[in-house]
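To start, the structure itself, in structure tokens.
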Amino acid sequence: MGQHHPECPERLQAIEDQLILSRIDYFFTRIDPPLATEDQLALIHTQEHIHRIKSLAPLEGYASIDGDTTMNRHTWQAALRSAGGAIAAVDAVMQGEVKNAFTCLRPPGHHAEPNQAMGFCFFNNVAIAAKHALEHYGLERVAIIDFDVHHGNGTEVAFQKDPRVLMCSYFQHPFYPYTEANLNLPNMVNVPLPAYSAGEAVREVVELQWLPRLREFKPQFIFISAGFDAHREDDMGQMGLVEADYAWITRQLMTIANETAQGRIVSCLEGGYNLSALARSVIAHLKELADL
């Protein structure tokens, strides 16, 4: 997105380096992510939105989408690969190749609404993957958990009228994208938290609000919008989580997945912009997913 932009390629390199440093890289099966098709994008996004993003991709230089989000000549393909990777992860889990998966891909997706790109996001990877699981595999109930510091407004808009999807999140509020979670929707448990909330407050939300609703809902597949920018070292937000909190949240979700979803989880990278904190937090998340 340009020099000095926080959503940078170094984010993925930091995670790869930490995998090697932690000596766990060889525990994982790697899947080469395909490009999503436009029909797959249309599971969530309007044709108008898809064509607009495609048409804005520049031949050189940068094209501005909003004040925070730009495209270069590689962005269209990268966005297709990010969505395609989330779909491929669903396929691998549903076909029994792996028990769960983490998509270490960018650009992120949870701010992208059906007809709008924003907040570094072009297509809503986790929403597309969840809709793919529902439509292609005939699942009846899936849950989407979003622990990014920012409200997953795009995911909420995509599924606010779909009773097959339960969305649970916390997010710093008031904060970007300055959208209000609809607290009256029966399939949404999206909890605004004040700045400087730390792990204790988040764990209370998970225990008292997320877990009871998840057990009641009995999801057949759990998706995670895994943003790590609520870490106390990440200055893109003002919350106070640490690696142990992300590990604890992951363990709780794995317990639910094992109870109702045959262990099926796909986790999609969202935010996380302090490179060291991001990498360490992803490793904590992966260790729990892989039961290491």
remark   = With only helices counted (DSSP H, runs n ≥ 4, each -39500 (n - 2.57)), the per-residue ellipticity at 222 nm for the chain, to the nearest 500, works out to -12000 deg cm²/dmol
note = Percent relative contact order for the chain, counting Cα pairs under 8 Å at least six residues apart, stands at 19 percent
Hz values of 3J(HN,Hα) by residue in the range 151-159 - Karplus curve (6.51, -1.76, 1.60), Gly and Pro given as x = 4, x, 4, x, 5, 4, 4, 4, 10
query = Given labels modelled 7 Å from the Cα in the Cβ direction, how far is it in nm from Arg23 to Leu59?
reply = 5.3 nm
message = Show me the helices of the chain, taken as full DSSP H stretches, that run 24 Å or more along their long axis by Cα and average -0.5 or above in Kyte-Doolittle hydropathy.
response = 75-94, 243-260
note = The ratio Rg/Rh over the Cα atoms of the range 10-289, Rh being the Kirkwood inverse mean 1/r radius, stands at 0.93
remark   = Hull surface over four for the Cα convex hull of the range 199-292, reported in nm², is 5.6 nm²
Kirkwood hydrodynamic radius of the range 47-192, Cα pairs, Å = 15.9 Å
note = Counting only residues 5 or more apart in sequence or on a different chain, those whose built amide H sits under 5 Å from that of Ala230 are Val149
Other-chain or far-sequence residues with amide H under 5 Å of Cys168's (modelled H) = Ile144, Ile145, Asp146, Val189
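The numbers here are math on the coordinates, done by the rules we state, and not lab data. This structure is a prediction, so every number in the text was calculated from the model and none was measured. Neighbour counts run over all protein chains shown; Cβ positions are idealised from the backbone, glycine included.
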